[in-house]
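Novice: Please find one structure pasted underneath; my questions will follow.
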Amino acid sequence: MQRIPIEMASPGMVLGKSIYSSSGNILLSAGVPLTSLYIDRLRNLGVPSIYVKDGKTDDIQVADVVSDEVRVATQKLVKQSFADIQKTKMISMAGAKEAINDIIDELLTNPDVIVNLTDIRTYDDYLFGHSVNVCVLSLLIGIVLEYNQIQLRELGIGAVFHDIGKIQIEKSILTKDKPLTQEEFEAIQQHCEIGFEFLRNQEDANLMVAHVAFQHHERFDGKGYPRGLRGQEIIEFARITAVCDVYDSLTADRFYARAYHPSRALLIISEMIGNQLDPNIVRAFMRIIAFYPLGSIVELNSGEIAVVVDNRKDYPRQPIVRLLLNKNHKPVGEMVEIDLVKKEGLSIIRVLNANDPLLPSIQIIGSRLNQA
Ligand SMILES: [Fe+2]
């Protein structure tokens with residue numbers, strides 16, 4: 001399965017992962033062959049990328065860390081809560097707790113889980129999909145840090161509502177695809193205080209939840225906003241949410257930029273260690289995110305081209321790969337899989353993107369493998 005930009009979709013490709021609307025309806029199911037009508041419809045709905053089956057890696061099962069059902073239900077709840085708070089200043093904390101508990105339950109059933117998929121959402125649903133994904137990623141860090149159930153739930157609620165103040169910010173500023181003016185930037189910055197005020201006035205919300213909204217744009221070096229808190233002055237929940245917020249923004253398609261591959265996003269994050277982000281939290285995060293998600297096509301330092309077929313927790317940079325092309329870029333006739341943890345000296349040097357000139361020759365091997 002490969003993630004491709006919608007512009008590269010063509011009729012006959014088979015959808016690898018179902019696409020949902022923010023109201024929870026399936027727009028198109030996994031397994032459906034694409035037609036030009038479907039592709040146009042997805043494009044009109046603002047779906048920026050899709051997962052497609054590619055014939056060469058379809059035996060690799062890529063599972064999300066939470067089920068589609070729970071992800072969609074949580075996204076619906078977030079959308080509803082954002083609308084409620086704008087209208088009545090109140091949200092259903094009981095509903096939020098239930099949704100977060102469902103996510104925690106699913107994450108805890110598989111303690112070795114590692115994130116292999118980047119979430120795809122329409123441009124219109126960006127804020128809601130982002131909120132859910134930051135919540136899921138934050139909870140995974142909480143689990144690495146051995147939080148108990150109560151801590152996990154508070155962290156999850158804080159993370160899912162970290163950007164709730166954005167509902168008061170003008171949409172044209174949030175979706176602007178050009179650099180922001182100083183005035184617009186100051187307007188966006190207010191979402192932290194607005195979110196804090198919203199959340200601290202909820203009867204049954206822990207104050208820590210409100211502080212996640214208040215502090216998630218503070219930086220470890222004290223150069224963040226709104227108050228310029230530094231290091232441990234920032235609550236741990238907010239330092240966790242900050243890492244996930246940056247990662248999810250980098251790996252999602254935005255109005256102004258295409259999604260980065262996880263390996264690129266993680267390199268950017270590692271450069272933020274100690275200045276923008278807390279080193280300990282980033283270290284925990286690196287344990288649960290695959291640098292090279294399943295299905296990534298990569299070049300090894302030997303010059304060979306391979307596809308990632310397995311990832312294990314704690315070895316996010318050293319997956320198991322299946323060779324596709326030898327160092328002269330000729331197809332490898334047999335099935336050879338290499339565990340990069342065990343093979344000293346062999347490592348990944350780059351990820352091939354969806355329009356790499358080498359990809360067509362890999363398609364040929366794919367169909368041969370399938371016939372074998
Ligand atoms: Fe934010």
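Novice: Test each condition in (1) closer than 25 Å to Pro226 by Cα; (2) away from the ligand (no atom under 16 Å from the Cβ) for Gln149 and report the one that comes out false.
Specialist: Only one criterion in (1) closer than 25 Å to Pro226 by Cα; (2) away from the ligand (no atom under 16 Å from the Cβ) is unmet by Gln149, namely (1).
Novice: Going residue by residue through segment 275-284, is there one that turns out to be over 17 Å from His217 (Cβ atoms) and within 11 Å of the chain's Cα centre (by Cα)?
Specialist: Initial filter on segment 275-284 (over 17 Å from His217 (Cβ atoms)): 279-280, 283-284.
Pick out the ones that are also within 11 Å of the chain's Cα centre (by Cα) and you get none.
No.
Novice: Here is a list: Lys87, Lys97. Which entry is more than 27 Å from Leu137 (Cβ to Cβ), assigned by TED's automatic domain parsing to the domain that holds Asp124 and assigned to a helix (DSSP H, G or I)?
Specialist: Lys87
Novice: State whether the residues of segment 128-144 include one that is more than 15 Å from the ligand (Cβ to nearest atom), assigned by TED's automatic domain parsing to the domain that holds Ile281, within 23 Å of the chain's Cα centre (by Cα) and surrounded by fewer than 20 Cβ atoms within 10 Å (Cβ to Cβ).
Specialist: Step one: of segment 128-144, the residues more than 15 Å from the ligand (Cβ to nearest atom) are 136, 139-144.
Narrowing further to those that are assigned by TED's automatic domain parsing to the domain that holds Ile281: 136, 139-144.
After this cut, where a residue has to be within 23 Å of the chain's Cα centre (by Cα) as well, the list is 136, 139-144.
Subsequent filtering for residues that are surrounded by fewer than 20 Cβ atoms within 10 Å (Cβ to Cβ) retains 143-144.
So far as segment 128-144 goes, yes, one or more of its residues are more than 15 Å from the ligand (Cβ to nearest atom), assigned by TED's automatic domain parsing to the domain that holds Ile281, within 23 Å of the chain's Cα centre (by Cα) and surrounded by fewer than 20 Cβ atoms within 10 Å (Cβ to Cβ).
Novice: Only one of these is in the same structural domain as Asn110 (by TED's automatic domain parsing), within 30 Å of Pro111 (Cβ to Cβ) and among the basic types (Lys, Arg): Arg200, Arg153, Arg219. Name it.
Specialist: Details: Arg200 fails: within 30 Å of Pro111 (Cβ to Cβ); Arg219 fails: within 30 Å of Pro111 (Cβ to Cβ).
Matching residue, one of Arg200, Arg153, Arg219: Arg153.
Novice: Is it true that Ile100 is closer than 28 Å to Ala290 by Cβ, in contact with a Pro (Cβ under 7 Å, 6 or more places away or on another chain) and crowded, with 16+ Cβ neighbours inside 10 Å? Can you show your working first?
Specialist: Values: closer than 28 Å to Ala290 by Cβ: yes; in contact with a Pro (Cβ under 7 Å, 6 or more places away or on another chain): no; crowded, with 16+ Cβ neighbours inside 10 Å: yes.
When the stated conditions are applied, Ile100 does not pass them.
Novice: Let me ask something else. If you take the residues in segment 259-282 that are farther than 15 Å from Val115 by Cβ, without any contact (Cβ under 8 Å) to a residue 60 or more places away in the chain and β-branched (Val, Ile, Thr), which one is surrounded by the fewest Cβ atoms within 10 Å (Cβ to Cβ)?
Specialist: Looking at the filtered set, the residue picked out is Ile268.
Novice: Sticking with this one: What is the number of the single condition among (1) within 13 Å of the ligand (Cβ to nearest atom); (2) within 21 Å of the chain's Cα centre (by Cα) that Ile157 does not meet?
Specialist: Going through (1) within 13 Å of the ligand (Cβ to nearest atom); (2) within 21 Å of the chain's Cα centre (by Cα) one by one, Ile157 breaks only (1).
Novice: Among the listed residues Asp245, Asp356, Asp253, which satisfies the condition of being closer than 27 Å to Tyr123 by Cβ and touching a His at 6+ places or on another chain (Cβ under 8 Å)?
Specialist: Working: Asp356 fails: touching a His at 6+ places or on another chain (Cβ under 8 Å); Asp253 fails: touching a His at 6+ places or on another chain (Cβ under 8 Å).
Just a single option satisfies the conditions, and that option is Asp245.
Novice: Take segment 213-232 and flag every residue that is away from the ligand (no atom under 16 Å from the Cβ) and acidic (Asp, Glu).
Specialist: Within segment 213-232, Asp221 is the sole residue that qualifies.
Novice: Moving on to the next point. Out of curiosity, is Phe185 farther than 12 Å from Gly158 by Cα and in contact with a Lys or Arg (Cβ under 8 Å, 6 or more places away or on another chain)?
Specialist: Numbers: farther than 12 Å from Gly158 by Cα: yes; in contact with a Lys or Arg (Cβ under 8 Å, 6 or more places away or on another chain): no.
Here the answer is no, as Phe185 does not meet what is asked.
Novice: Of the numbered conditions (1) touching an Asp or Glu at 6+ places or on another chain (Cβ under 9 Å); (2) surrounded by fewer than 20 Cβ atoms within 10 Å (Cβ to Cβ), Ala252 satisfies every one except a single condition; which is it?
Specialist: (2) is the only condition that Ala252 fails.
The values are calculated or read from the model by the stated rules, or taken from the named source; none is laboratory data. Treat the numbers as computed from the prediction; the structure is a model and nothing was measured. Cβ sites come from the backbone with ideal geometry, for glycine too, and all protein chains shown count toward neighbours.
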